[in-house]
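The values are calculated or read from the model by the stated rules, or taken from the named source; none is laboratory data. All of these numbers come straight from a predicted model, not from anything done at the bench. Because the Cβ atoms are built from the backbone with ideal geometry, glycine has one as well, and the counts that use them run over all protein chains shown. The protein model used for the area step is the full one, side chains on, heavy atoms only, and it has no ligands, DNA or RNA in it. Shrake-Rupley method; radii C 1.70, N 1.55, O 1.52, S 1.80 Å.
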Amino acid sequence: VEVDSCRWYVAPGDTLSSIAEHFGSNYVQLWSLNPTLESPDEALAAGDSVNVGHLYSVRDTDNLRYLSVQFATTRATLELLNFGAIDKAWGDKDPLTSLAGTYMCILPHSCFGYEPDVA
């Protein structure tokens, strides 16, 4: 089985908001990753694919803490986007030497900590 990194295959009823919710993100973030969508409200068709992150080339000096800080994300999001690639036994500061030269999916949280004022 081959899995496309950083891609989500749309199921019936999926929206950018519902997909973003799986990854602790928001629809605007996903819209910015999908330049072929003219609007963030554009209907998605079942079977379409949506980018849910960027591919990042892992260096042998990288660790999960560095990636979390660098991209304003969390270990949990990195594990979710890279299912099976990150060993649960690895510490946050253990070098990712075994992944050096491979690609990880990264979803930066550019709006991290932002809460809209809905008064």
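Scanning segment 52-89 for residues that are assigned to a loop (DSSP other than H, G, I, E, B) and β-branched (Val, Ile, Thr), we see that the one that is surrounded by the fewest Cβ atoms within 10 Å (Cβ to Cβ) is Thr61.
Which of the residues that make up segment 53-79 are closer than 29 Å to Leu16 by Cα and in contact with a strand residue (DSSP E or B) (Cβ under 9 Å, 6 or more places away or on another chain)?
From segment 53-79, those closer than 29 Å to Leu16 by Cα are 53-58, 64-79; that's our starting set.
Answer for segment 53-79, where residues must be closer than 29 Å to Leu16 by Cα and in contact with a strand residue (DSSP E or B) (Cβ under 9 Å, 6 or more places away or on another chain): Gly53, His54, Leu55, Tyr56, Ser57, Val58, Leu67, Gln70, Phe71, Thr73, Thr77, Leu78.
Candidates in segment 5-15 are the residues that are in contact (Cβ under 8 Å) with a residue 24 or more places away in the chain and open to solvent by 70 Å² or more (accessible area, probe 1.4 Å); of these, the one that is nearest to Leu80 (Cα to Cα) is Arg7. Ile106 fulfils the conditions (1) touching a residue at least 40 places away in the same chain (Cβ under 8 Å); (2) open to solvent by 90 Å² or more (accessible area, probe 1.4 Å); (3) of a type outside the set (Phe, Trp, Tyr) except for a single criterion, (2).
Answer with yes or no whether Ser18 is open to solvent by 70 Å² or more (accessible area, probe 1.4 Å), modelled with pLDDT of 90 or more, among the hydroxyl-bearing types (Ser, Thr, Tyr) and in a helix (DSSP H, G or I).
Details: open to solvent by 70 Å² or more (accessible area, probe 1.4 Å): no; modelled with pLDDT of 90 or more: yes; among the hydroxyl-bearing types (Ser, Thr, Tyr): yes; in a helix (DSSP H, G or I): yes.
Answer is no for this residue.
Among the numbered conditions (1) open to solvent by less than 50 Å² (accessible area, probe 1.4 Å); (2) in contact with a Phe, Trp or Tyr (Cβ under 9 Å, 6 or more places away or on another chain); (3) over 17 Å from Asn82 (Cβ atoms); (4) among the aliphatic types (A, V, I, L, M), the only one that Ala46 does not meet is (1). Of all residues in segment 29-43, those satisfying the criterion of being closer than 13 Å to Thr15 by Cα, open to solvent by less than 70 Å² (accessible area, probe 1.4 Å) and of a type outside the set (S, T, N, Q) are Leu30, Leu37, Pro40.
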